[in-house]
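Enquirer: Encoded as structure tokens, here's the structure I'll be asking about.
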Amino acid sequence: MEKGQAALVSKDYDAAAGAFKKALTHKEKDHQATLLLAQTNNFIHAKRSINQPEQTKRLLNLVINQEKGSAVLKKDAVALKNKW
């Protein structure tokens, strides 16, 4: 989990997703790892779908509104959304 959080701070979102997946292999029902993985994946997909504005907006809103998610990801999602 710590590696995933550090990767988010470094804006290495793929590494963060990998770290959260790895955390889930050690503790399958880790609620926080599950939330962070979903939030990270939504952010990654939003960045990759930048040419599809509606989908990107929907995914960024999911990241921003994720309860108990990463504040770092929320901040990055707001910044990306504001670039439009």
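The values are calculated or read from the model by the stated rules, or taken from the named source; none is laboratory data. Just so it is clear, the model here is predicted, and its values are computed rather than measured. Heads up, the Cβs are rebuilt from the backbone with ideal geometry, glycines too, and the neighbour counts pull from every protein chain shown.
Enquirer: Does Gly4 satisfy being crowded, with 18+ Cβ neighbours inside 10 Å and part of a loop (DSSP other than H, G, I, E, B)?
Expert: Here the answer is no, as Gly4 does not meet what is asked.
Enquirer: Which residue, of Lys3, Lys29, Lys47, is more than 25 Å from Trp84 (Cα to Cα) and at pLDDT 95 or above? Lay out the reasoning, then the answer.
Expert: Values: Lys29 fails: at pLDDT 95 or above; Lys47 fails: more than 25 Å from Trp84 (Cα to Cα).
Exactly one of Lys3, Lys29, Lys47 is more than 25 Å from Trp84 (Cα to Cα) and at pLDDT 95 or above, namely Lys3.
Enquirer: Can you say whether Ala17 is surrounded by fewer than 18 Cβ atoms within 10 Å (Cβ to Cβ) and in a helix (DSSP H, G or I), as far as the supplied structure shows?
Expert: Judged against the criteria, Ala17 is not a match.
Enquirer: What residue, among those in the stretch 45-56 that are in a loop (DSSP other than H, G, I, E, B) and loosely packed, with under 14 Cβ neighbours inside 10 Å, is nearest to the chain's Cα centre (by Cα)?
Expert: Ile50
Enquirer: Sticking with this structure for a sec: Please identify the pairs in which a residue from the stretch 1-28 that is closer than 13 Å to Thr40 by Cα has its Cβ atom under 7 Å from the Cβ atom of a residue that is among the basic types (Lys, Arg) and in a helix (DSSP H, G or I), counting only partners at least 6 apart or on another chain.
Expert: Cβ pairs passing all conditions: Ala19/Lys3.
Enquirer: List the residue pairs whose Cβ atoms are under 8 Å apart, where the first residue sits in the stretch 49-65 and is among the polar types (S, T, N, Q), the second is surrounded by fewer than 14 Cβ atoms within 10 Å (Cβ to Cβ), and the two are 6 or more positions apart or on different chains.
Expert: Thr56/Ile50
Enquirer: I've got another one for you. Go through the stretch 57-84 residue by residue and tally those that are assigned to a loop (DSSP other than H, G, I, E, B) and either touching a Pro at 6+ places or on another chain (Cβ under 8 Å) or not polar (S, T, N, Q) (or both).
Expert: Qualifying residue count, the stretch 57-84: 5.
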